[in-house]
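Notes follow the structure.
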Amino acid sequence: MHVYPKNVSAENIKEMTNVDVFGSVTINGKEYPNVQIGDVLSYKLTIQIPTNIGTRTSFVIKDTPGVGMAVANPENLVVTGLTSPTDYTVTISPTRNELTINLVPGSTNVKALAGDALVITYNMVLTEDAVPDTIKVRSSTPVNKHNSLRLIEN
């Protein structure tokens, strides 16, 4: 995951929010959620909006899930406080392996978020391409250290 430019002072966060609904498995004394093929994993992004968002030409948030993950039902995507298509648009690739949210920097609601955090929630589904018995820890990971998520600002 990459965040550009590097002038945002607060941390962007991607976290799995429904970890409690899954059973758990303990490996080497550490507990992990025990997810299965077909399980829906809910995510929350907390994205810091730059103070100069109104002067930008674009602000794009992209999540490219790893192998074995796909964007689930797009109707479950919520961009808190914003309205599509006035404030943002969403594109999901035909293979559901990329989610793109394009903010409209000049919209009144987006400009009102300048210097604040934007919260986005959505779901991913574990597909048959997932590698079984593999531990992948992605909960409460800072976005700028999360390989699947990118912010592109102009």
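The values are calculated or read from the model by the stated rules, or taken from the named source; none is laboratory data. Because the structure is predicted, anything quoted here is derived from the model rather than measured. For accessibility, only protein heavy atoms count, side chains too; no ligands or nucleic acids. Shrake-Rupley method; radii C 1.70, N 1.55, O 1.52, S 1.80 Å.
Taking region 51-67 as the range and being open to solvent by 40 Å² or more (accessible area, probe 1.4 Å) and polar (S, T, N, Q) as the test, the residues that pass are THR51, ASN52, THR55, THR57, THR64.
Of all residues in region 9-41, how many are open to solvent by 30 Å² or more (accessible area, probe 1.4 Å) and under 30 Å from GLY106 (Cα atoms)?
Adding up the residues that qualify gives 5.
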